[in-house]
Amino acid sequence: MREQIEGSQAVAQAVARCRPEVICAYPITPQTHIVEALSRMVRAGALAPCEFVNVESELAAMSVAIGACAAGARAYTATASQGLLYMAEALFNASGLGLPIVMTVGNRAIGAPINIWNDQSDSMAMRDCGWVQLYAADNQEALDMHVQAFRVAEELSLPVMVCMDGFVLTHAVEPLEVPSQEQVDAFLPAFAPLQLLDPADPVTIGAMVGPEAFTEVRVLAHAKHMQALDAIPRIVGEYEQITGRPSGGLLDRYRCDDADTIVVALGSVLGTLEETIDELREQQGAAIGAVRLKTFRPFPRQELAQAIGDAERVIVLERAFAVGAGGIVTDNVRAALALAPDQAGGPDRARAPDRARAPDPARAPDPARVQDQGRPRLHTVIAGLGGRAITRRSLRGLLRRALAGDLEELYFLDLRAEVVERELERARKGVSGPHAESILRDLRMVMAGPV
Amino acid sequence: MSRPPEQRERFYQTGTLAVGGRLLAEEQRTVQAGESRANAITKGHRACQGCGEALGARYVLDAAMRATGGQVIAANATGCLEVFSTPYPESSWRLPWIHSLFGNAPAVASGVAAALRAKGRASEVRVVGQGGDGGTVDIGMACLSGMFERGDDVLYVCYDNQAYMNTGVQRSAATPPAARTATTEPLGGHPGNELGQGKSAPLIAMAHEIPYVATATVAELRDLEAKVIRAMSFRGPRYLHVLVPCPLGWGSDPAQTIRIARLAKETGLFPVFEALHGRLAAVSQIRRKLPVEEYLRPQRRYAHLFADGGRPDLVAALQAQADRNVQRFGLLAEAEPREGDLLHVLADGERGP
Amino acid sequence: MSRPRPFAITLDVGSSLANRTGDWRTERPVYVRRMPPCNHGCPAREDIQGWLYEAEAGGEGYERAWRLLVADNPFPAIMGCVCYHPCESACNRVQIDEAVGINAVERFLGDEGIRHGWELPQPQPASGRRVLIVGAGPSGLSAAYHLALRGHHVTLCEQAGKPGGMMRYGIPAYRLPRDVLDAEIERILALGVELRCEQRVSDLQEAMREGGYDAAFLALGAHVARHTEIPGGTAAHVINALDLLQDVEAGARPQLGRVVVYGGGDTALDAARTARRLSPQEPVVVYRRTRERMPAHPEELRQAQEEGIAFRWLSTIAAAEGGHLRLEAMELDGDGFPQPTGRYEELDADALVLAIGQDADLALLSGVPGVEVQDHVVKVDEWMMTGAPGVFAGGDMVPAERNVAVAIGHGAAAARCIDGWLRGIEPRAEQEAQLATFEHINPWYYTDAPRTVRPLLADVRRQSTFEEVVKGLDESSALFEARRCLSCGNCFSCDNCFGVCPDNAVLKPGPDGEPYAFDLDYCKGCGMCVTECPCGAIEMVPEEI
């Protein structure tokens, strides 16, 4: 049944229908509406016998979830931004221990300067913490992904992070359909933990592992992680069968078949982006498409390479920025494109455990060969940092610039370049050298260009 | 005193002081005296010779196992205890046990407790959180305080060896004044660790007015076991702070671990007491009061107090601290807590038997 | 669980047993049995710690204790009455509070033995060897007992009318009730020992030849009172202490009036206390040295003083005439010997009792080749044998301290040596275990428990009767007292080692009381068990590498 509902409330309802047993949370904007809603449900007895634990920090939130999950409870928490970083140590621990915790991240910028608005710097900063990361394009997908996340997590004994843009999604009200309790029950079996703290069958969880086995532990973790690339499509398929609704997955292609320019993006920007693509296709017949990246960890290299490998130009639209390096997603996309065509399209996926254990160096991609074959030119576009709106107008300008062949390799959407230039000029004496000079040169080009 | 009164007068040979004895009825022996003790941490662990923490952990957990019929889950902070007990591929634990991080053991324990509540098993299965002084008094303090104030049904045990031993003997907030550590060397006229009040985790725990707070040492097994068993009779957060000498970090003879713990109590430097709901309820009185020097001299971490003319000023300061403890806690039969003292306020003017 | 647990992160419980930490060790603990100071101090070589250990259990433990006790000494009840308990003087517990009342527990056990009619062990099959014992005092009876147990035929020849020697004719009944004495002697005779009373052996060689004896043990005692010349002594009423004690034992109640006893040994006090019971006037003991140098047992002195007996220290009797004595004051010289001062005083006295020592009557040895007599006593070698092969001697007639416990010890030692001699076994000195000193004790573990004072008869009551003065303990007091034992140097199953090992490397293989064992596969050699052993029954020894 579709109803007008705020994204946070919808996620809370979806989580509730997964019959969580322990929910713990520490409040942080913009996650608060989700946990407030769940807290109310627990208090009202609607989720009995679920426990809601008000903790004193995000570290404690994840730690309570770790303890609860190890003791066999389906555990859930939510956070954002600073909170995600504050629990960083525990994030690595949860995945290292293989505990299938599900967590919502209401994506938000990271300070300093402190900023409560949306970007994806938080979850991107935690991209290598061993969690499965799902990025929702809209609130329907966000709520569906939570239900799927519990299945993925518990099947693989891996924690799953569902990332949804703060405010843009968490606080947006739209008509949504939350799966019924019967549908969720049919989809999600009771939690059967792989390892359990139980006096009847005691185990030691969390041993110290030295150089003699640490690499093997990591490789096995990688192999397990990569299994999600098989599990997610299957689970999403089952979900669709039960709900009649395609939602989630590794990635979706939008109008890519004939596209020579493809934009790769994650999260809520996809809606605006696809509208803009539609508009430019209609108005000027531009062959533009988009890839909706939904699973960022594990990174679906083959699927992505297949989706974009034939394009002339790939624009990676990122809501996070690695200072001193550039686009975070871009690096992953570049690695996917570096796969040889047979690898990209072949049935033999590098993620199989035996492959993970013994990679074949002879089949490693050769960047020079990729270059030679005229593979797509990659552009990084950093957009929407700290809550700056990504408008259709801005995207339109961006795509036109790209179609004209004027897009730089690294581009900041809607950058107030004059501010940056003024400040750089003021600090000129302290900022010198070839790299600083090239930033200034790039900025002047941006200012001169058509927006 | 926490020991049951009926055990006091009956056994003349070693009374309630030794571990067990053939003269005692089964129920009057310590848990440790029994062959059927759980050995919650078993042999083959890699603790140093004479490790007080290994001993303390077995004492505490075996007592908890006895009190619960073996229904205990333990959550352990990073530290010596965790490292020496669980190097892959060998675990010394014989109860369900989890190690997560250094500073989060109380929260992990809270999570286990929450799961047990949700699973309807909280009445049978109980949770013990444990860690060293660093994991408790320093990095774990926030999680510990949170566990306390929420009222989670967890017994948290701090095995206090008064410094970061696992990393090579650096100062913690539980390091006593004048003690040498790798980060408080007595150089350039410095006294070792600075003189001051330090951080008393038991008093902080009492300020939460949780049902049960107690201190103990590995030297008085019956007292320790009685406290664990008593702690397990309460629901809600409980805190037990056990002094466990570290031969490595304290520079003491491994054979003297228990004796040094005993001296810590008998000099008054480590007060042994119980508090109920934030009120001081009972004090384990000093049996034969000794000067602090008796405690300090066998430990190389205090060697600078006695070498080359020594530091009589520091010894006097430590003696004053011990004397203050005697006064504050009423550690001698004639001593009463001082009017207006924090402890007096915590005790609400009343003291137990 | 069917699915495999995560590799390396999740481990099976108790898997550390695979790690044998015993490799770390450079020293290993071993259980030892040190010599407890009480055992060391016991002239009768009783295993005091051993029988206290059994008694500590109470109940059936008392009989076990009694059996262990009589394995060394067949007179526990008698010892409980008359022994001056050097064991207690040696007791380590005195450094914590007070010595354990070993003697009182022994008396309790002895009384229990009599009360329950516990029987001595059965003798071994007859050896066919015959041993003549001359003198049925404590030494002779003790030797008879131990020889009989070893299967030898024993003939006891006693000059007096009843067996017991000084136990009967020297120690007053208020110190040793005669029913106790008779009961414990009777038990020995019941083993088949042949007793011939009123039979004086005047020629040992002839007696042995006639009786076909393979060996002899001489335990004549010392019954011949020494004399001292006191001017005018013949005019006064002068009697020997032993004669007085023997007369009273025979039932006499002489009226002595004001009595002065001359001497400072136990016999002097026995005589004075006996006199106190015979006369309303308080006796005076005259002794030439100081109180501190008096050879009598302090406990005996204390009881005598409590009974109202007066003492004149540093005094000799210079003359006796009519109703009074002339005393000369003495002073000790630098070597502690009393020297006359020439100062005199008078002391009223109706009777003077001399108690200045006794000697043995060694007439029967005349003509025995090889026997050496020096200072009125017979020389024996370390195996209790005189210069004559097969002739052994002990008790008051050989050079040693003279008391019942020493005599009993001699009897037991002689029996062991005679047995060996009869069997042709070369005697060998026993390796004595290291003494358990207070440094071996961890006093923390012993609760503070004051010694139970044996209920003393009211002072007034004891002054006019021969009722026993020091009664035995009741059961609970005896148990209390036994449990005060520190068990020096010997494990008493307190479980401390089992409990304090941080490496769980102490095993309890058997039920209570069975020895513990070290699990050397895991023992790291920290030595905590040694430090925390209350009684010093563990030591560290270097590991052989």
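Give me the distance in nm between label points sitting 7 Å out from Cα along the Cα-to-Cβ direction at C:THR26 and C:ASP203, one decimal. A separation of 7.5 nm, rounded to one decimal place. Peptide packing for C:148-157, C:430-439 was compared via the average number of neighbouring C-beta atoms within 10 Å per residue; ordered from the highest value, the list is C:148-157, C:430-439. The apolar share of the surface of chain B, taken as the fraction of accessible area on carbon and sulfur atoms (1.4 Å probe, ligands and nucleic acids excluded), comes to 52 percent.
A crude spin-label estimate for the pair C:GLN374 and A:LEU410, with each label 7 Å from Cα along the Cβ direction, gives 11.1 nm. Where both bridge residues fall in the range C:229-356, DSSP classifies roughly 50% of the beta bridges as antiparallel. Each residue, C:PHE337 and C:PHE438, gets one label point 7 Å from its Cα in the Cβ direction; the gap between the two is 3.6 nm.
Candidates A:PRO298, C:HIS223, C:PHE311 compared by Cα position along the dipole of the protein assembly as shown: farthest toward the positive end lies A:PRO298, with charges placed on Cβ.
Can you give the translational diffusion coefficient of the protein assembly as shown in µm²/s, computed by Stokes-Einstein from the Kirkwood radius over Cα pairs at 4 °C and 1.567 mPa s?
Details: Rh = 38.6 Å.
In µm²/s, the coefficient is 34.
Less than 5 angstrom separates the built amide H of C:SER315 from those of C:TYR287, C:ARG288, C:ARG289, C:MET330, all sequence-distant by 5 or more or on a different chain.
Accessible surface calculations at 1.4 Å, restricted to protein heavy atoms, place chain C at 41 Å² per residue.
When Lys and Arg each count +1 and Asp and Glu each count -1, what net charge do the other residues less than 10 Å away from B:ASP160, Cβ to Cβ, add up to? Kindly include the intermediate steps, with their values, before the conclusion.
Details: positive: none; negative: B:GLU53, B:ASP133.
Result for the neighbourhood of B:ASP160: -2.
The phi torsions of the range B:267-283, fed into the Karplus equation with coefficients 6.51, -1.76 and 1.60 and a -60° offset, translate into couplings of 7, x, 5, 10, x, 10, 8, 10, 9, 10, 6, x, 10, 4, 10, 7, 10 Hz, rounded to whole numbers, with Gly and Pro shown as x.
Please compute the contact order of chain B in relative form: average sequence separation of alpha-carbon pairs under 8 Å and at least six residues apart, divided by the residue count, as a percent.
Numbers: 729 pairs, mean separation 53.3, N = 353.
Contact order relative to length: 15 percent.
Averaged over the residues of B:69-78, the number of partner chain Cβ atoms lying within 10 Å of the residue Cβ comes to 3. Mean per-residue shielding of peptide B:247-259 is 4, counting Cβ atoms of other chains within 10 Å of each Cβ.
Based on DSSP H runs of at least 4 residues, each adding -39500 (n - 2.57), what is the mean residue ellipticity at 222 nm of chain A after dividing by all its residues, to the nearest 500 deg cm²/dmol? Let's see the in-between values first.
Numbers: 18 runs with 198 residues, N = 451.
Rounded to the nearest 500, the figure is -13500 deg cm²/dmol.
Taking amide H as placed 1.01 Å from N in the peptide plane, the amide H of A:LEU410 sits under 5 Å from that of A:THR380, each at least 5 places away or on another chain.
Report relative contact order for chain C in percent, whole number only (criteria: Cα-Cα under 8 Å, sequence separation at least 6). Mind showing how you got there, number by number?
Numbers: 1149 pairs, mean separation 120.2, N = 545.
Relative contact order comes out at 22 percent.
Chains B and C together bury roughly 4700 Å² of accessible surface, counting both sides and using a 1.4 Å probe on protein heavy atoms. Of the whole protein surface, C:VAL378 contributes about 0 Å² of accessible area at a 1.4 Å probe radius.
Computed from backbone phi with θ = phi - 60° and the Karplus coefficients 6.51, -1.76 and 1.60, the 3J(HN,Hα) list for the range C:209-217 is 4, 5, x, x, 8, 8, 7, 9, 10 Hz; x is used for glycine and proline. Relative contact order of the range A:2-243, taken over Cα pairs closer than 8 Å and 6 or more residues apart, is 24 percent. Cross-link reach is defined here as a Cα-Cα straight distance under 17 Å, omitting same-chain residues fewer than 8 places apart; for B:LYS227 the lysines meeting it are B:LYS265.
Within a 10 angstrom radius of each residue's Cβ in A:44-54, how many Cβ atoms of other chains show up on average? Whole number is fine. Provide the component values of the computation, followed by the final result.
Values: counts 0, 0, 0, 1, 1, 4, 3, 10, 1, 10, 3.
That average works out to 3.
When A:THR391, C:THR316 are compared by accessible surface with a 1.4 Å probe, the order from highest to lowest is A:THR391, C:THR316.
Normalised per residue, the accessible area of the range B:26-346 is 30 Å², obtained with a 1.4 Å probe and no contribution from ligands, DNA or RNA. Sequentially through the range C:114-130, phi angles give Karplus couplings (6.51, -1.76, 1.60; θ = phi - 60°) of 5, 4, 8, x, 4, 9, 5, x, 6, x, 6, x, 4, 8, x, 9, 10 Hz, Gly and Pro residues having no value and appearing as x. Near C:LEU11: Cβ cut-off under 10 Å, other residues only, Lys/Arg at +1 and Asp/Glu at -1. The net charge is -1. Annotation: per residue accessible area for the range A:214-288 equals 43 Å², rounded to a whole number [probe 1.4 Å, protein chains only].
Probe radius 1.4 Å, ligands and nucleic acids ignored: give me the carbon and sulfur share of the accessible area of chain C as a rounded percent.
Values: 11070 of 22290 Å².
Its accessible area is 50 percent carbon and sulfur atoms.
Loop exposure criterion: trypsin sites (Lys or Arg not before Pro), DSSP state outside H, G, I, E and B, at most 16 other Cβ atoms within 10 Å. Applied to chain A, the longest stretch between such sites is A:1-254. Cβ-Cβ distance of C:TRP118 and C:ARG178, R₀ of 25 Å, FRET efficiency by 1/(1 + (r/R0)^6): the value works out to about 0.80. Buried surface between chains A and C: roughly 1400 Å² of accessible area, summed over both sides, computed with a 1.4 Å probe on protein heavy atoms only.
Selection among C:ALA415, C:CYS81, B:ALA255 by position relative to the dipole of the protein assembly as shown gives B:ALA255 as farthest towards the positive end (Cβ unit charges, Cα centre). Accessible area buried by the pairing of A and B, both sides summed with a 1.4 Å probe, works out to roughly 2800 Å². Using Cβ point charges alone (K and R +1, D and E -1), the dipole size of the range B:26-346 about the Cα centre works out to roughly 520 debye.
Once every DSSP H run of n ≥ 4 in chain B is given -39500 (n - 2.57) and the sum is divided by its residues, what mean residue ellipticity at 222 nm do you get, rounded to the nearest 500 deg cm²/dmol?
Values: 11 runs with 108 residues, N = 353.
It lands at -9000 deg cm²/dmol.
Legend: helices of chain A (whole DSSP H runs) are marked when their alpha-carbon atoms reach 30 angstrom or more along the helix axis and their mean Kyte-Doolittle hydropathy is at least 1.6; nothing is marked.
So how do A:176-187, C:208-219 stack up, highest first, on mean other-Cβ count within 10 Å?
Numbers: A:176-187: 17.8, C:208-219: 21.2.
Per-residue Cβ counts within 10 Å, averaged per peptide and sorted highest first, yield C:208-219, A:176-187.
Given the -39500 (n - 2.57) contribution per DSSP H run of 4+ residues, what per-residue ellipticity at 222 nm results for chain C, rounded to the nearest 500 deg cm²/dmol?
Working: 18 runs with 161 residues, N = 545.
Here the helix-only value at 222 nm equals -8500 deg cm²/dmol.
Got a sec? Charge dipole of chain B, +1 on Cβ for Lys and Arg, -1 for Asp and Glu; which of B:GLY268, B:ALA178, B:ASN76 is way out at the positive end? Towards the positive end, the residue furthest out is B:ASN76.
Judged by the gyration tensor of its Cα atoms, with axes a ≥ b ≥ c, the range A:97-229 is oblate; a/c meets the 1.5 cut and b/c is at least as large as a/b.
What ranking, highest mean first, results for peptides C:293-303, C:90-100 when packing means the other Cβ atoms within 10 Å averaged over each residue? Could the numbers behind the result be given before it?
Details: C:293-303: 16.9, C:90-100: 20.2.
Going from most to least packed, we get C:90-100, C:293-303.
For C:GLU321, nonlocal amide neighbours, meaning residues 5 or more places apart or on other chains whose placed amide H falls under 5 Å from its own, are C:ARG326.
Report, ordered by chain and residue number, the lysines lying within cross-link reach of C:LYS508, taken as a straight Cα distance under 23 Å and ignoring same-chain residues fewer than 8 apart. Cα-Cα hits under 23 Å: B:LYS43, C:LYS524.
The values are calculated or read from the model by the stated rules, or taken from the named source; none is laboratory data. What you are looking at is a predicted structure, and each value in this text was computed from that prediction instead of being measured. A quick note on method: Cβ atoms are made from the backbone with ideal geometry, for glycine too, and the neighbour counts reach across all protein chains shown. Ligands, DNA and RNA are stripped out before the accessible areas are found, and what is left, the full protein with its side chains, is counted by its heavy atoms. Shrake-Rupley method; radii C 1.70, N 1.55, O 1.52, S 1.80 Å.
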